[in-house]
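See below for the structure under consideration.
The values are calculated or read from the model by the stated rules, or taken from the named source; none is laboratory data. Values in this document were obtained by computation on a predicted structure and should not be read as measured data. Glycine also receives a Cβ, built like all others from the backbone with ideal geometry; neighbour counts cover every protein chain displayed. To get the accessible areas, we keep the full protein, side chains included, count just its heavy atoms, and leave off ligands, DNA and RNA. Shrake-Rupley method; radii C 1.70, N 1.55, O 1.52, S 1.80 Å.
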Amino acid sequence: MKASSGTVTRWCLVMGVMTALGAAADPPPVNSAQGARLHGSERFETVNIPLGSFEPASSPAGFTCTKTALMVGGRLVGYQSCPGANPPAWFLEGTELVGSAFRAPFEGRSVKLTIEEARCHASISGPTYACTTQNLADGKAFWEYRVTATPEDTLSQPLCPTGSGFALAAPHAWSAGGELLPNSEYFTFACAAKNEGTATQPFFVGGGVIAKCIDWGYPPWATTFPLDVAMDYHQLCTRMATADYCGEGRSNTLDGTPLKFMGPKDAILLNAGGLPATLEGYSLEAVWKVDDCGGVRPLCLGKKRWDTLPLEATCVNRKLLLAPRAARPCDSLNLSSQADATLLVSYSLFIDRSLVTFKDANGQFLTTTAVTVDPQTVEGGRNVTGIHLDLDGNGVADVTPFTALRKEGPILSPKLPANIRARMSKFIKPLYRCADGNGRYLLTDKSTCDGAPGFFLKVINGDQAIEGFVYSAVDMTGAGQRRPLTLWRSLVTEGVYATSTQAPPGFTFVRELGYLPAVGQLPGRDL
């Protein structure tokens, strides 16, 4: 433990520049990604850490010491005062905190969080600054920490099991519903993502969106924005990054979904009577705004987002549903009066679509993502009212004997971007769309249509008959277990098949085809 002379000097410098903490919020990076978690720490997502629980790695023997920690912007600083000791007080930061610990309430008991390593944080959006005294004081550089968590019921484990394995320290607390709770007595560890791509084509995996929003220029402390605006933008950013449409702490995206976003001034420059439906290949997702009560909900969703909402895209509180959809499309929203508003506009690649099973009166089944939805239909959970087949993809409901029966869940899009498809190639496989001349359908993982007599690959708009992609294997012990998608064969009628997560009456099991990803639960390790 270092004596106080150097650390006190640094502390005085910190206190002198508190009002200047943080760099300007730069434009968002070209390569960004949504995430399914706020913290990225899985079991420990809801842990808020009392600063007063700070325990330094060592204390001088024979003295009664006062110990606490402080958050100064994004800087975690430990403090120990031992009257009579020489020196009588220490301020600890960065590598000086290695071996220190905190204890936080957890599942009715507590968890001990120990700092095992500290290093200078490399921002996912750049540039990266060295952790010099001046860069730390200016808010350009931050320390990040490798932390182990030791609950009372099990052995120590990494706090950040995905991403870089390191976490930023972020002030204040969070509710289980994803709400930022201003409280200067608490902080959290926010796990950082890891770039598993290249410098020119990054692919950010794991971590949580709190750390991403800090890197994107929206931290929960004063920057070029005053504190209250900065905190509003941080809340806005985390809701956007998790696609939390209902403001309930429920993600509606897959971890790693590519994202572009912008503030009001840049959005207005794009806005000529309505926001463009696409931007550099990304589709309009939502316009996010802080309301008068400090809550964050989308003002609207883009038309494509309405049509691709998967099974889990629903609000627990039904009064929060964004409906009717025809009255709330972002594509026609005029933002000219919103230049001074606290809002963000997001564009996404939507790597998931909703997989829906249809049934006709003769007990035949068809499972597909090729659907269209009535404009006035309220989207909500398992509700399939107003969902119709659109096998030719022209946006108009087909005239068929089939009616929607059930949403199976999300499926990875057949238009998965090449770089993401390459990254995920070891974990995913295609599902092929097959049909016969009698109007029967078969969805399977075999391009031979399982050798079923009379069945052939059914190509729609040159898509190679690929309906989408599912996981070929999953981590059976990890969080976010996916649902198996299964092929079934009719025991009553020869040549009739069904692909679903549930066994249809009168059908027998053939085999499992793969696993559906879980929106809001997909661990970064799967990418």
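Of note:
- Selected residue [more than 14 Å from THR148 (Cβ to Cβ), under 31 Å from the mean Cα position of the chain (by Cα) and β-branched (Val, Ile, Thr)] from THR46, THR64: THR46
- Residue within the range 81-89 that is open to solvent by 40 Å² or more (accessible area, probe 1.4 Å) and hydroxyl-bearing (Ser, Thr, Tyr) present: no
- Unmet criterion (only one of (1) touching a Gly at 6+ places or on another chain (Cβ under 7 Å); (2) assigned to a helix (DSSP H, G or I); (3) surrounded by fewer than 24 Cβ atoms within 10 Å (Cβ to Cβ)) for LEU236: (1)
- Going through (1) surrounded by fewer than 19 Cβ atoms within 10 Å (Cβ to Cβ); (2) at pLDDT 90 or above; (3) not in a loop (DSSP other than H, G, I, E, B) one by one, ARG421 falls short only on (2).
- If the condition is being of a type outside the set (Asp, Glu) and either on the phi > 0 side of the Ramachandran plot or not in a strand (DSSP E or B) (or both), then the range 273-296 contributes GLY273, GLY274, LEU275, PRO276, ALA277, GLY281, CYS293, GLY294, GLY295.
- Look at the range 448-459: where a residue is without any contact (Cβ under 8 Å) to a residue 60 or more places away in the chain and a partner is part of a helix (DSSP H, G or I), sitting 6+ places away or on another chain with Cβ atoms under 9 Å, you get PHE455/CYS449; PHE456/CYS449; LEU457/CYS449.
- The range 57-77, residues that are open to solvent by less than 60 Å² (accessible area, probe 1.4 Å) and closer than 23 Å to LEU227 by Cα: ALA69, MET71, VAL72, GLY73, GLY74, ARG75, LEU76, VAL77
- For the range 103-148, the tally of residues that are modelled with pLDDT of 95 or more, open to solvent by 50 Å² or more (accessible area, probe 1.4 Å) and of a type in the set (Asp, Glu) stands at 2.
- Tallying residues that are open to solvent by 10 Å² or more (accessible area, probe 1.4 Å) and not in a loop (DSSP other than H, G, I, E, B) within the range 239-260 yields 3.
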